[in-house]
1. How many of the residues in the range 702-722 are at pLDDT 90 or above and either assigned to a helix (DSSP H, G or I) or surrounded by fewer than 16 Cβ atoms within 10 Å (Cβ to Cβ) (or both)?
2. Which condition number does Gly655 fail, the rest of (1) at pLDDT below 95; (2) more than 23 Å from Trp580 (Cβ to Cβ) being met?
3. Can you tell which of Thr91, Thr109, Thr104 is open to solvent by 30 Å² or more (accessible area, probe 1.4 Å) and either under 29 Å from the mean Cα position of the chain (by Cα) or farther than 18 Å from Leu270 by Cα (or both)?
4. How many residues are open to solvent by 50 Å² or more (accessible area, probe 1.4 Å), in contact (Cβ under 8 Å) with a residue 40 or more places away in the chain and of a type in the set (A, V, I, L, M) when one looks only at the range 519-544?
5. For Gln591, which of the numbered conditions (1) farther than 27 Å from Gln702 by Cβ; (2) without any contact (Cβ under 8 Å) to a residue 24 or more places away in the chain; (3) polar (S, T, N, Q) fails to hold?
6. Would you mind stating whether Leu806 is in contact with a helix residue (DSSP H, G or I) (Cβ under 7 Å, 6 or more places away or on another chain), at pLDDT below 80 and surrounded by 17 or more Cβ atoms within 10 Å (Cβ to Cβ)?
7. Only one of (1) modelled with pLDDT of 85 or more; (2) in a helix (DSSP H, G or I); (3) open to solvent by 40 Å² or more (accessible area, probe 1.4 Å); (4) of a type outside the set (Lys, Arg) fails for Glu836. Which number is that?
8. Answer with yes or no whether Gln279 is in contact (Cβ under 8 Å) with a residue 60 or more places away in the chain, more than 29 Å from Glu430 (Cα to Cα) and of a type outside the set (A, V, I, L, M).
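The values are calculated or read from the model by the stated rules, or taken from the named source; none is laboratory data. Since the structure is predicted, the reported quantities are computational estimates derived from the model, not experimental observations. Here Cβ is always computed from backbone atoms with ideal geometry, including for glycine, and neighbour counts include all displayed protein chains. In case anyone asks, the SASA skips ligands and DNA or RNA and just uses the protein heavy atoms, side chains included. Shrake-Rupley method; radii C 1.70, N 1.55, O 1.52, S 1.80 Å.
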Amino acid sequence: MNWWQRLFHRDKLDGQLDKELRFHLEQHASDLMKRGYDPVEARREARLDIGGPQQVKEQCRDERGTRWLEDLGKDLRYALRTMRQKPGFATVALLTLALGCGATTVMFTLINGVLLKPLPYSDPDRLLSLQEQTDWSTQYGNLWAFTYPNFLDCQSAVNSLNMVATRFITGTLSEPGQAENISGREVSASFLPTLGIPVYRGRNFLPEEDRLGAAAVAIISYGLWQRRFGGNAAAIGAALVFEGKSYAIVGVTPPGFRWDGDEQDLLTPLGQDASPNMQNRGAHRIGAFARLKPGASVSQAQAELAVAGRQLAAEYPKTNKGRTFVAEQLRPDVGNARSTLWLLLGAVGLVLLIACVNVASLMLARAVSRERELAMRVALGAGRGRLARQCLTESAVLGLGGGLLGIGLAAAGVHPFVKFWPGSLPRAAEVGLDWRVLLFTLAVSLVSGLFFGLAPALRAPARDLEQTLRAGSRTVAGSARRLHSGFVISEIALAVVLLVCAGMLGRTLMHLVSLDSGVNLQNVLTARANLSPAALANAAKTRATWQELLDRARQVPGVHSIAMVDTIPMREGNNQIGYWTSADLPPADKQPLTLANSVTPDYLKVMGLNLREGRFFSDQDRKGTEGVAVIDEVMAHEAFPGKSAIGGHLWIGMGSDPVRVIGVVRHVRYWGLAGDDQARIRAQLYYPFAQVPDDWLPRWSQLMSIAVRTSVDPLSIVEPLRRAVRGANNDQVIFEVNTLEQLARESIARQRFLMLLFGIFAGLALLLACIGIYGVLAYLTGQRIPEIGVRMALGAKTWDVIWMVLRQSLGMILVGIVVGTAAALGAGRVLARFVEGVQPNGVSTLAIMTPVLVSAALIASFLPARRASRIDPVKALRQE
């Protein structure tokens, strides 16, 4: 029988133990009577020799190994009894812990879903991300996307991997139904099988369909199937028209399937793509991943990829010299959500720590008031370890209770918090409570319980019992006072860290909001635009279609002016090119870079750009005329220092002929209000869309957006503008519609989000710190009532008593501020590193926040000080 079974058969075992003890007692008494002892004396001697029944039973239980469980059960029952007897103490402690544990659980739930959960594919630990790597670096690093020829050669040469290629696509779905923009992937035929994802309806691509000339087939998403076909099974085999090409639907992906964080509306075979870039060994536009074959290892795969890299470098030195291929564990791309989540977890961790310190202070006060009780237990035979276990059990019960309440708060708050997240949280669909979160909360609750139960456990009396038993109930040892003061100091220090971080974020946000974006944000609507695929047949038709689109849009009521642009300020997307001021171009990796932006002449009017010098483009700046450019003041300073840029020439990546600078405009914060100052490239150049070479028009037409200045609310013209743009064949759309004001707000949404949360955490920390100060001073002052009575009887004034208490509080506050300052400065540097726009100005922020903290703490201290000053000396002296 094991120890667990023995525990639940304790009554039966105790009965057997009683019988065994009686048997041994009678046998020993019988032996003594045979030796001539009187029966009464024999039984007495037998009891003395064997020992007290209860002591013998305790020794036997110790031998069984279940004594600690029995003690634990007693301690748990005692802890629950004391919580019922002190409901006020239990309520305050549980609510404080629930708040800290709940906030921490919410943050860990997000971290678990976004960062820690395995990818939702079969055996995700065997999936690898593949990239090209060079032994030389550019301004963007030395990791590259694959080229399709390199991918095919690696696929043939590497035997340990099942390799898959993907390429992002976006365009217009014109049939069936109303035209809309969708995105998806061109993929290898083995894309879904390699991930271990079964199709929901239909079938996967066949290997023979992944080649040029094969029948055009597609797999659509569950969402698109529901949206366009109503979930009808007849969609399998039906046709859809994407970018003017008809595809037969062969399958539907399962609900919730995502790749790179997004639902892929359309999958088509990559091998059917006949564009020239697919055969270009210098066009790095292919993403790649792989699954390890059974029995293969990552090191084996990496060795084979290195061999393939050396072979291709020797065979194609022009494009592959110094180039190899690397593999690493496939991980989700979560962007800046990673640093944001860890920052917030650190912040709520500080709040939890303050909550634990508060409860520790309460527990210590309670332990001091119970010193007589604990000393009595020691006098009756309880060991120091036994008392420590009892104290830790009580704190563990509180910790677990707070953790359970925290789980309830987290369950109610996690989904609203996800919706509150700025933009879209990566992998939001995978965020939820699971066994990892519950295990984390259980561990945090137990560790918290041990943390705030440690001080009371260490104060369990082990010596000077007589003095403890005789001491008055209001006697407080110096060690207890030091511990209480230490708790307050730590709370103040932690609150300082959060207050300084919140202050830094607040100052940052105020600074960012006050920045001039460089354009007039009011009444400007922006949208990406997809032309009809037929319009891309030749350059003349493309230019005519764009002009027709602009002319129709101008007729929409409320449109003041409209322009085309390939990079909208404060929105993702850019075109960075090298430039030089002479024909002797330096190597490509040595050329300075500028953000090149193709625009139409009305762009100046639409955006409200401030023309510093020269002129902007006109209708006369077109193909066949001299190439011209307008640059911003940053580029003018960099390219033409100390002189006027007007009339200067620039050699850029638009062709072999130079362009002449005809104007200088104000710098625009294209990288966002927060990110522009920290961008590696800030120089900006504009060139006329009418001078874009014919060969580039198809690609540029996929990138162009429209910007519309309105005389009415911009969002009120969205639907009329959609109808005007749609065209006769219902195959032109606008999408990603935003106002410039929305884009500006979104560019600092992360800073606003962090400021709000850190502000809440800092306010909560300040409140808990003030409650802690109040509680400690109220307790310590209450213990000093006799001393205060003596002082007042000897002539101390009311203000003298108040100042005595405030002086004690002020000392703890100042020490806490000094300790917290060093930590706050370090935290400020971390914040500046991970949050755009934040400057490490912790000292100035500390100077602002310190008076707030000191004032709040002194207000909390004044109440117990005032109460102490009103003590009746006679009553105080009689209390002992």
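1. The number of residues fulfilling the criteria is 12.
2. All conditions are met except number (2).
3. Answer to the check: Thr91.
4. The qualifying residues number 1.
5. Just one mismatch for Gln591, condition (1).
6. Yes, satisfied.
7. Unmet condition: (2).
8. Answer is yes for this residue.
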